[in-house]
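Okay, structure first, notes after.
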Amino acid sequence: MFPPYEPSPPDPPTTERSPLSRSLDIRLAHLVPPLDETREDSVQQALGHPDLLEEHWWRQVSLPLALHTVGPDHLATGLAHLTLDHWEDRVLGEVMPALYLTDEHPDVLATHPREWPDAEGAHKYLHDLYLTVLERLPRQAPPTGPGTGPLFTEIEGWFATADPRRRAVAGRRVLTLRSETLDTLGSRFGVTRERIRQIHKQVGQEVRTRLEGARGARTAAHLPELAKKLGVATPLDAFWDLSPEYPDLLPSLGLPVGEVLLTLLPDHRVVDGWITSEESAALALRLTEELAERTVIPLEEAERRPLEGGVPQEHVLAWLSALPHSRVMDDHLVRWGRNLPDKAFAVLTAVGRPLHFDELVERVGTGFNESGFRERIHGDERIMRRDRRLFGLRAWGGREYLGLEETMRRQLTEAGGEMPVGTLIERVTDWFDITESSIRAMAAGSEFARPRPGWVALPGVVTARTPYRPRRTVERTRRCFRDPEGLWWLRVELNGEHLRGSGFPIPSGFAVSVGMGPGCRLPVRIGDRPSIAAWKNQPLMNSIRPLLLLEDAQVGDHAFITLTEGRVLCRLHKADAVPADPFSASLYLAGRSVTDGPPSLAHAVGLPEDAGPAELMAHLTDRGDQDLLTLLTPHL
C-alpha cells in the first residue's frame, strides 16, 4: 500500500519580485521526460484541452501559460492517467524528477506504479502528488497591454499560448489587413512555403472553431453588431472611434483588436481607406453610370441613393465624394472627367452661370498650364466664350466672343466690308468688355485697311462692290490641278514640318478658288478636328497632320488637298509609286489616273480637253510646272 498523502504547508509570502512578472521558458515535457517517448495520440487523449489547440502543446507552450489556461488540476489528472496506463514500468522519480525536491519519502519515489494494487486510490495519490509540484510553479497570464475589454481578453487568449510560428501566421497572414507572403514567413522560420500554407489553413480552422465555441462567443456575437454599425460602407478612420477597445494592441499578434475584427467580418473588406461591401460597390456603379449621362445631380437627390442603400447617414457625403471620377460642388454631385474641357464643362453645369476664367481655373484645380487650358476650352464645342475672359455653356445661348479681331471682321462683313470706326466701337463695346483704345489700335494695324479718314475696312476691300483679284488665277498657278468634276486641288510635296503638324502657305489663286479672300478666317474641319483657314498677309492652311496619319504619309509623298463644304480633303500619291513612263508619271503628278489620255492632262491644268501639245507646253511653262515640263518635253 502507498502511504497517505499530506500536502505541504503553503510557502510564506515574499516581497521579492514574483515569477509572474517575467517569462519562465519551460515546457511540461521538461518536467515530465517520459512525454517525449510516448505516443502523441495517447498524450493528447490524457492532456488535451479545448483551450490548448496547439500541436504537441506539452513541448511547445510555456508551462506557466498552460497552467494559467487550464489549471494544475487538469494536468495532474492527465499525468496520473499516463503514469498508470503507459509508465507503469517507471519509478515515480523517473516520471517527474522534481518530486525529489518535495517532502515525499525517497522510498515512495523509487516504487513502480504497477506495484500498487488499488488503481482508484493510486490515481488519487498520483494526482495529489503531481499537484504538489504543479501548484508550486508560477502561472503566467497572457501578456496584456492597455486593453481590458472582453473582446481583447477573448481574442488575446486564442494565441497567447501558441507556438511562435502559429502566432506569426495568425498575425501576419490570417488576421491582418497587410498579409505577408508565404515565402517571407517561410524564410523567417526556416520552413517551406507549403508548410506555412498548411499552418495558415490550420490557424484559419482554429479561428472558425473558436468562433463557433464558448471561447469565441463574445467575438462571434459582436461581429453582427459591428456589421450593422458599418452599414454597406464606412471610412476606415471612423471605424476606430466605434469602440475604445478597437485600437488596443494584442501582444500575441501585434495587431489592434479592431484589425482582427475587420478580417473576421464575412461581408466587408477594406479598400482605399473604406470598409466596404458588395452592396456599396453595386450602388456606386449605378450612381456613376447615371452621373455619366447627366453630368451633374443635385446633392439632395444624390444623397438619397447611398442613404437608402445602407451607407450610414454621417458618412453619406464622404461616400459620394469618394466615388470615382466625381466631385461634390455647389450643392451638386459632379461627374469629374479625366480631361480639362470635361472638368470645365462640369463646373459650368454645376454653377449654372458664366464664369470668369480665373474663377474657372480655381474651381477646376491646379497643376496644369493655364494657357493650354484656355486653348483647350476655346476648342470645345460645348463651351462658349462670352467675353474676353468669361466662359459659359453654348447650350445657354447668348452672343459668342471670338476675339477682338474676328469680332471686328464679322461686323465689317455684315456692313459690306467697311464702316466708320466710331460705329464699330459703339457696337463692340455694347456687347463685350473691350476698351475703345483696343479697338482703335486694332483698326489701325495691318489686319485692316483704312479706305478714308475715320473709316475701317477689311483688307483688300475699298467698297463692298470691289472683289479681290489674285495676280494669278488658279488655272495659271503652279501645282494646282482640276479633277474631272471641276474641283481644284493643290499638290503639296510633303516634308518633315508637314508631318509634325505645321501649317503652311497656299497660293492666292488656289485660295480664291476654294472661297477664301484677304482677311477671311474660314471655320473648317480637318478630319474630326475644327480648324481655321486664315488669310492675313497671305493665305494659310492649318495643319493637315490628322489626314496624313490616316494615309501613312512619308516625307516626299504627294498630298493633294482641297477645301469644299467646310472640310479639308486630302488624297495621297506615294512618291515611290510614280510610273516610269513619262506621260503616265505626268498624269500621276497631276492627280489623274495613269490610264487617262492627253485630254485628261489638259483638263487638269485648266485647258480645254482638245488643246494641242504646243498649247499644253506653253501653258505649263506659264504656270511654272517644271517637273511636268521635264517629263513631257522629249515626247511632245
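By the Kirkwood approach, averaging reciprocal distances over each pair of separate Cα atoms, segment 266-342 gets a hydrodynamic radius of 12.8 Å. Across the chain, the convex hull enclosing all Cα atoms gives 259 Å³ per residue.
Of the solvent-accessible surface of segment 22-79, computed with a 1.4 Å probe over protein heavy atoms with every protein chain present, carbon and sulfur atoms account for 46 percent. For the chain, the relative contact order comes to 6 percent (Cα pairs under 8 Å, sequence separation of at least 6).
Note on segment 330-436: with neighbouring protein chains present and a 1.4 Å probe, carbon and sulfur make up 42 percent of its accessible heavy-atom surface.
Element breakdown for segment 246-301 at a 1.4 angstrom probe: carbon and sulfur atoms account for 50% of the accessible area. Long hydrophobic helices in the chain, taken as whole DSSP H segments with a C-alpha length of 18 Å or more on their own axis and mean Kyte-Doolittle hydropathy at least -1.0: 72-85, 119-134, 217-230, 278-294. Tyr468 exposes around 90 Å² of accessible area when a 1.4 Å probe is run over every protein chain in place.
Just the number please: accessible area per residue for segment 223-262, 1.4 Å probe, all protein chains included, in Å².
40
Calculated mean residue ellipticity, 222 nm, the chain: -12000 deg cm²/dmol, from DSSP H runs (n ≥ 4) at -39500 (n - 2.57) each, averaged per residue and rounded to 500.
For the chain, a crude dipole built from +1 on the beta carbon of Lys and Arg and -1 on the beta carbon of Asp and Glu, taken about the Cα centre, is about 4240 debye to the nearest 20. Along the charge dipole of the chain, pointing to its positive end and built from +1/-1 on Cβ of Lys, Arg, Asp and Glu, which listed residue (Trp158, Trp87, His112) has its Cα farthest out? Result: Trp158. Dipole size of segment 443-569 about its Cα centre, with +1 on Lys/Arg Cβ and -1 on Asp/Glu Cβ: approximately 720 debye, rounded to the nearest 20.
In segment 58-154, the inverse of the mean reciprocal separation of distinct Cα atoms equals 14.9 Å; this is its Kirkwood hydrodynamic radius.
The aspartates and glutamates within cross-link reach of Lys343, meaning a Cα-to-Cα straight distance under 18 Å and a gap of 8 or more places when in the same chain, are Glu289, Glu290, Glu293, Asp330, Asp331, Asp358, Glu359, Glu362, Glu370, Glu375, Asp380, Glu381. For q values of 0.15, 0.17, 0.22 Å⁻¹, compute log₁₀ I(q)/I(0) with the Debye formula on a Cα-only model of segment 478-593, without solvent. Per q value, in the given order, log10 I(q)/I(0) is -0.65, -0.83, -1.32. Taking all protein chains into account, the per residue accessible area for segment 409-551 stands at 53 Å² (1.4 Å probe). Largest to smallest in accessible area, the residues Lys228, Lys343, Lys536 fall in the order Lys228, Lys536, Lys343 (1.4 Å probe, all protein chains included).
Shape annotation for segment 161-210: C-alpha extents along the principal axes are 29, 21, 19 Å, from largest to smallest.
Report the per residue volume, in Å³, of the convex hull enclosing the C-alpha atoms of segment 366-425. Present the calculation step by step, with values, prior to reporting the outcome.
Working: hull volume 6.4 nm³, N = 60.
Convex hull volume per residue, Cα atoms: 107 Å³.
Ordering Phe583, Phe357 by accessible surface, largest first, gives Phe583, Phe357; the 1.4 Å probe counts only protein heavy atoms, with every chain in place.
The values are calculated or read from the model by the stated rules, or taken from the named source; none is laboratory data. Because the structure is predicted, anything quoted here is derived from the model rather than measured. Every residue, glycine as well, gets a Cβ built from its backbone with ideal geometry; the counts of neighbours run over all protein chains shown. Heavy atoms of the whole protein, side chains included, go into the accessibility calculation; ligands, DNA and RNA do not. Shrake-Rupley method; radii C 1.70, N 1.55, O 1.52, S 1.80 Å.
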